[in-house]
Amino acid sequence: MALGEGAAGSILPQSLQTRLKRIAVILTAALVAIFVTIPVYIMVAIAVQSPADVFRGGTVHLIVDTLTFRNFRVLLEDTNTVQYFINSLIVTAGATTMSTALAVAAGYGLTRFEFTGKTLAARAVLFAYMFSPIVLAIPLYVIFYSLGLLDSYFALTMALTAISAPFTIWLMWQYFQTVPISLEESAWIRGASRTRTLWDVVLPVARPGYISAAIFSFAVAWNDFTMARVVMSSDEMYTITVGASLFLDRVTIGWGETMAVSLLISIPPFLIAVFLQNYLLQGFNVGGLE
């Protein structure tokens with residue numbers, strides 16, 4: 001076989017190597033899709049059937065014959081699911097807004113201003129993200145207890161912001177480095193202030209970056225369990241993740257209702273992934289995370 005038929009040092013033709021790589025990628029993607037889809041299907045199948053249909057005959061039936069909203073009706077009428085959702089929306093919106101704003105301000109400052117220890121500070125911010133939430137939970141609990149802020153939206157919002165902010169700051173620091181300084185200089189020559197330049201020139205260009213930061217902050221806040229369980233102490237203040245975990249201890253709540261609330265929890269992240277996935281991919285790729 002001639003050496004020109006394949007890559008240097010390879011005994012396979014280049015076309016065959018390309019075909020094998022493509023097959024490997026397709027198989028890997030199919031396996032991942034199956035691994036992810038099966039649990040989701042089981043969740044949906046149990047959520048939209050009555051317990052009598054799912055467990056009839058002493059076995060689990062996952063083929064949906066008859067759709068019913070009985071499980072969702074039980075959640076709305078016999079539990080505090082609506083209040084849990086409201087709590088989650090409030091703290092998630094607050095934490096996402098604060099984390100994104102902090103990331104934009106800090107990321108822009110790290111990129112455009114020179115000061116001693118700037119690189120060390122940026123790396124320290126990312127290092128802070130390596131700590132598990134449970135490590136931060138106890139110190140934050142002590143702080144909020146001392147300030148009388150436990151069991152409040154403000155305390156949980158601050159705690160969730162503390163978890164997501166280190167990574168979002170680092171992400172925006174990376175992304176702002178891809179925005180040419182010449183764009184700002186052109187605006188300054190025309191008499192625009194730095195604030196006006198940031199608002200009218202830099203932020204439109206950096207939209208994929210801060211939208212990615214917002215999506216990440218949303219995911220952290222919406223899926224949080226640890227901080228909500230530590231900071232909140234009353235049932236009416238629990239978020240949906242903590243509230244859903246309490247259903248497992250109730251005799252009147254079965255697997256159907258549990259899968260139904262799990263399906264409800266999954267809807268907001270799913271919608272964000274569907275409608276904002278392009279921004280997310282652009283933000284992470286251009287931000288130096290490819």
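Where a number appears in this text, it was derived from the coordinates with a stated rule and is not lab data. All figures in this text were calculated on a predicted structure; none of them were measured in a lab. Neighbour counts run over all protein chains shown; Cβ positions are idealised from the backbone, glycine included.
In terms of packing, defined here as the mean over residues of other Cβ atoms within 10 angstrom, the peptides 168-180, 18-30 line up highest first as 168-180, 18-30. Each residue of segment 57-65 was assigned a 3J(HN,Hα) from its phi angle through the Karplus expression (A = 6.51, B = -1.76, C = 1.60, θ = phi - 60°), giving x, x, 10, 8, 9, 9, 8, 6, 9 Hz with x at Gly and Pro.
In percent, rounded to a whole number, the relative contact order of the chain is 27, using alpha-carbon pairs under 8 Å and six or more apart.
Relative to one another, the C-alpha centroids of segment 201-251 and segment 73-91 are positioned 14 Å apart. Cα centroids of segment 117-165 and segment 36-67: 40 Å apart. For the chain, the Stokes-Einstein estimate of translational diffusion at 10 °C and a viscosity of 1.306 mPa s comes to 70 µm²/s, using the Kirkwood hydrodynamic radius over alpha-carbon pairs. Based on DSSP H runs of at least 4 residues, each adding -39500 (n - 2.57), what is the mean residue ellipticity at 222 nm of the chain after dividing by all its residues, to the nearest 500 deg cm²/dmol? Computed ellipticity for the chain at 222 nm equals -23000 deg cm²/dmol.
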